[in-house]
Each structure stands twice: as structure tokens, then as C-alpha cells.
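Chemist: Following this message is one structure expressed as C-alpha cells.
Since every read-out is calculated from the coordinates, none of them should be taken as a lab result. Note that the coordinates shown come from a computational prediction; the quantities given were computed from them, not determined experimentally. Cβ placement follows ideal geometry from the backbone for every residue including glycine, while neighbour counts extend to all protein chains displayed.
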Amino acid sequence: MAKQMKDAGTLASKWSTRAGAATQDYAQGTANAGGAWEAGAKNANAAWKDGVTQAAGRDAFAKGVTGQAGHYQARVAEVGTARFGPGVSANSAKDAWSKNTQPYLAALAGIQYPPKGARRSPQNQQRSAIVATTLGKLKAGQ
């Protein structure tokens with residue numbers, strides 16, 4: 001005898017209602033979880049590398065995004081737009097942006113540029129290359 005299963009729509013509604021009411025549970029469960037998250041993530045590094053290698057081998061990224069433009073657009077309209085403003089306005093976001101941007105601003109300020117040349121000149125291309133190399137080295141931790 002086959003097991004009776006509720007349809008996906010009924011279960012989706014139940015999940016949405018119950019999960020949506022669990023905001024306080026989420027807040028309590030994550031309040032002091034940073035250390036455990038970091039330790040677990042660091043311990044998963046080898047598994048992450050293996051997974052990424054396997055995914056690249058089967059072209060999983062391209063396959064996963066193919067045909068998803070409509071889903072992406074709907075989620076931006078339903079969720080992303082409402083969360084964007086509060087997310088970037090949060091003090092932690094502003095502080096993180098400042099902290100993460102400062103080394104790049106300092107690197108750009110420290111560049112000794114050669115003199116400018118005429119529009120589209122090799123001298124100007126050299127100036128651009130200096131910026132790209134400087135920022136690339138900083139990003140790579142060199």
C-alpha cells in the first residue's frame with residue numbers, strides 16, 4: 001500500500017507559515033553561533049575544495065543558472081528590493097564596507113603615477129595597468 005502524501009502546494013504553505021513565524025527562534029539560535037560557524041567552516045575547507053572541483057568537472061554552475069532568469073527576477077522583486085535598503089543601512093554593513101575598502105583606498109593613494117599622455121596614449125594605458133596590478137596584488141594578499 002502506497003503512503004499517502006500531501007501535495008507540494010499544501011506542504012509549501014505549511015512550511016512558509018511555520019518558518020515565517022520562527023524569527024525569534026532564528027535570532028536566539030544564531031545569537032552566539034559565530035565561533036561554531038567559523039570553526040565548522042574552516043574544518044570543511046577540504047570538502048569545499050573537493051566539491052568545487054567536482055562541480056566544475058560537471059559544469060554544474062552553468063547548468064544551475066541556465067533557465068533561471070525569471071526566478072531570479074521574481075526573487076529580486078519579492079525579497080531583494082525590500083531587504084536592500086535596510087541591509088546597506090545597517091551599521092555593521094557600513095563598518096564592513098569601510099574596513100574592507102580602506103586598504104584599497106590607501107593603495108591607490110600610494111601609487112606614484114607616471115606623467116599623463118595624450119588621450120588613449122600608451123602612457124595612460126601604463127597608468128591604468130599600474131592601478132590594476134596594484135589592486136590585484138592587494139586582493140591576492142601580496
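Chemist: In the range 53-142, which trypsin sites (Lys or Arg not before Pro) are in a loop and have at most 11 other Cβ atoms within 10 Å, using DSSP for the loop call?
Modeler: Counting only loop positions with at most 11 other Cβ atoms within 10 Å, the trypsin sites (Lys or Arg not before Pro) in the range 53-142 are 58, 116, 119, 120.
Chemist: Turning to a different aspect of this structure: Select from 66, 30, 101 the residue whose mean-square fluctuation is largest in a Gaussian network model of the chain (Cα-Cα springs shorter than 10 Å).
Modeler: Largest GNM mean-square fluctuation: 30.
Chemist: Let me ask something else about it. Quick one: among 90, 132, 82, which has the greatest mean-square fluctuation in a GNM of the chain with alpha-carbon springs under 10 angstrom?
Modeler: Of 90, 132, 82, the Gaussian network model singles out 132 as fluctuating most.
Chemist: So, one more: Over the Cα atoms of the chain, what radius of gyration and what Dmax do you get, in Å?
Modeler: According to the Cα coordinates of the chain, Rg and Dmax are 23.9, 83 Å.
Chemist: Take every Cα pair under 8 Å in the chain that's 6+ residues apart, average their separations, divide by the length, and report that relative contact order as a whole percent.
Modeler: Relative contact order here is 11 percent.
Chemist: Report, to the nearest 10°, how far helix 8-20 tilts away from the longest principal axis of the Cα atoms in the chain, using its own Cα long axis and a range of 0 to 90°.
Modeler: 70 degrees
Chemist: Share of Cα-Cα pairs in the range 101-142 beyond 17 Å, in percent?
Modeler: Of all Cα-Cα distances in the range 101-142, 33 percent exceed 17 Å.
Chemist: A further question on this structure: Does the range 63-130 classify as rounded, prolate or oblate by the C-alpha gyration tensor (a ≥ b ≥ c root eigenvalues; a/c under 1.5 gives rounded; else a/b over b/c gives prolate, otherwise oblate)?
Modeler: oblate
Chemist: What 222 nm value per residue comes from the helices of the chain, counting each DSSP H run with n ≥ 4 as -39,500 (n - 2.57) and dividing by all residues, nearest 500 deg cm²/dmol?
Modeler: -22000 deg cm²/dmol
Chemist: Same structure, new question: Pick out which of 33, 22, 62 has the largest mean-square fluctuation in a Gaussian network model of the chain, springs linking Cα atoms closer than 10 Å.
Modeler: 22
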